[in-house]
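Here, each number is a calculation from the coordinates, and none is a lab measurement. These numbers were taken from a predicted model, which means no experiment stands behind them. Here the Cβ positions follow ideal geometry from the backbone for every residue, glycine too, while neighbour counts run over all protein chains shown.
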Amino acid sequence: MDVGGDGLVISYLIPKWDRWRSESVQEADDLFRYLTGFTGSLGILIIQEGNKQLFVDSRYTLQAQQECPSIQLHPFSDWKKFLKTAECVVIDPWMWSYDELKDLPVVEYEDLMEKFWPDRPVRKIYSVQEYTSYTDDRASKIQRVCNYLKEKQAQALLITDNASLSWLLNIRSLDKPYSLAAEKMGVVYANGTVADFPESDEGLIIDRSAPIAICQQFPKAIFDTNPINMMKACKSPIEIEGFKKAHVQDGFAVQGFLTWLEKESKNPTEIEAEKQLLSYRKLQPDFIMPSFPTISGSGPNGAIVHYHATPRTNRTLSSGDIYLVDSGGHYYGGTTDITRTVIYQSNTVPFEVKENFTLVLKGFLALATAIFLKGTTGMQLDALARQFLWKKRRNYGHGTGHGVGACLSVHEGPQSISTRGSASVKLQPGMIVSIEPGFYETGAYGVRIENLAYIEALNDEWYCFRNLTNVPIDTRLIDTKLLTAEEKQAVEVWF
């Protein structure tokens with residue numbers, strides 16, 4: 001049992017993320033995986049009196065059960081409740097912001113990496129390069145920050161979010177897996193100059209999500225919402241053009257892969273299929289790297305929302321299998337994220353699979369073709385995608401849509417389409433979101449349909465979604481009797 005100097009029982013709080021909140025955590029930073037074996041992208045570990053408690057959301061429940069059979073699992077949303085009765089919570093101040101730890105009991109700071117993993121591997125140092133493809137110039141972006149500082153009557157903005165700084169300065173780490181945001185922070189002064197770190201906290205603004213370790217160094221600073229989040233979320237016309245170009249190339253790659261999958265005489269494994277898809281992307285002239293680890297799941301593995309095939313779980317596809325592949329790429333110009341569900345080399349589809357696929361499709365189309373009022377949030381639109389499943393008392397546990405960065409990170413806020421989304425973040429023109437409803441029958445199969453779309457203003461009051469993804473869906477899985485004439489027309493537009 002760990003006991004503090006004042007006799008309090010200690011609870012150690014360890015998140016899955018690293019200090020950069022990276023899309024993927026490098027091995028040397030992944031204390032969470034070292035202590036649990038969990039490979040998902042989101043989770044919280046609490047070590048209390050020597051016992052490990054793992055908190056994951058519904059996307060990862062099945063995965064965590066398989067990867068962490070000896071650790072007690074809890075819903076992700078319950079981690080603060082679990083600590084309500086804790087006497088002392090110890091955290092690494094580089095991993096948390098002050099806002100995230102509101103309402104917790106006594107909090108103390110310690111280097112938990114050194115405590116639990118002193119012989120960890122050496123960190124990789126990623127190179128930083130200038131990025132000039134389909135982006136506005138750096139000076140115009142910095143001027144927007146200067147305008148913000150003038151409005152706030154402040155002298156400087158400390159940017160601790162690496163994606164925000166990478167977007168602002170037009171830099172990327174092209175040798176870093178999945179997220180291309182450079183692992184850097186910086187400060188912009190009101191006169192437009194940029195430095196690595198502030199000299200003082202006089203007139204300094206720090207975003208609320210900054211690590212506690214940074215905030216402690218500037219006690220007089222003002223805390224505010226990171227203004228760059230919304231700037232980079234609302235893509236400019238040149239950024240939208242880059243996304244369109246990226247999706248044309250990605251469409252060729254994914255369609256080529258799906259054609260190969262249907263005609264391949266030798267039944268591939270999930271890992272072989274994943275590698276084949278990557279080989280098609282590598283043929284595209286502007287491809288850089290995958291935007292996240294590919295989800296290549298057949299049969300029951302497709303029901304694991306964020307499944308990743310390993311030598312232990314790797315299935316060989318068989319005729320009639322329902323195969324779900326969720327993948328994406330970073331291209332010079334934009335980032336892609338697409339999910340397609342197909343029946344492998346068969347024309348015989350079970351009725352329940354057809355019904356569920358078509359209910360998901362109807363939900364996709366209801367959201368994709370929606371016209372919505374200025375000021376609408378993603379939380380308000382989420383039910384459009386779920387309504388047909390709900391009528392059958394069915395649902396899916398993940399969000400319906402997330403923002404996407406411009407050759408940065410495939411998951412980007414602040415916008416989302418989700419029952420758990422922010423009620424204060426309004427959808428705005430230029431935002432790019434995924435539209436990805438699904439359905440999962442545990443132990444049998446998974447269904448998900450995902451395209452990316454950007455938001456366009458029809459006029460001053462009304463907005464709509466415009467499609468970016470250029471890949472057809474498997475029409476063998478559609479029960480056309482469940483589609484209206486209007487929905488059939490929409491299928492032609494969106495697929």
Per residue and in Å³, how big is the convex hull formed by the alpha-carbon atoms of region 129-227? 101 Å³
Highest first, please rank the peptides 88-99, 323-334 by the mean number of other Cβ atoms sitting within 10 Å of their residues. 323-334, 88-99
Distance violations [Cα-Cα > 19 Å] among 263/354; 244/374; 354/481; 245/282; 141/235: 263/354; 244/374
For region 485-495, just list the computed ³J(HN,Hα) in residue order, Karplus coefficients 6.51, -1.76 and 1.60, θ = phi - 60°, integers in Hz, with x standing in for Gly and Pro. 4, 5, 5, 4, 5, 5, 4, 4, 6, 8, 9
Against the 2.2 N^0.38 Å scaling, with N counting residues, where does region 350-495 land? I'd like the Cα-based Rg ratio to two decimal places. 1.02
Fewest to most Cβ atoms within 10 Å: 486, 108 sort as 486, 108
Helix-only mean residue ellipticity at 222 nm for the chain, each DSSP H run of n ≥ 4 adding -39500 (n - 2.57), per residue, nearest 500: -8500 deg cm²/dmol
Would you calculate the convex hull of the Cα atoms in region 258-416 and tell me its volume per residue in Å³? 139 Å³
Students often check this: by mean Cβ neighbours within 10 Å, which of 171-180, 212-221 ranks highest, and how do the rest follow? 171-180, 212-221
Under 13 Å Cα-Cα from residue 392, which aspartates and glutamates qualify once same-chain neighbours fewer than 8 residues away are excluded? 352, 355
Search the structure for amide H atoms under 5 Å from the amide H of residue 174, placed 1.01 Å from N in the peptide plane, and list their residues when 5 or more places away or on another chain. 129
For the chain, report the % of Cα-Cα distances exceeding 42 Å. 18 percent
I'm a student and want to see the number: the projected area of the Cα convex hull of region 36-176, averaged over all directions, in nm². 12.6 nm²
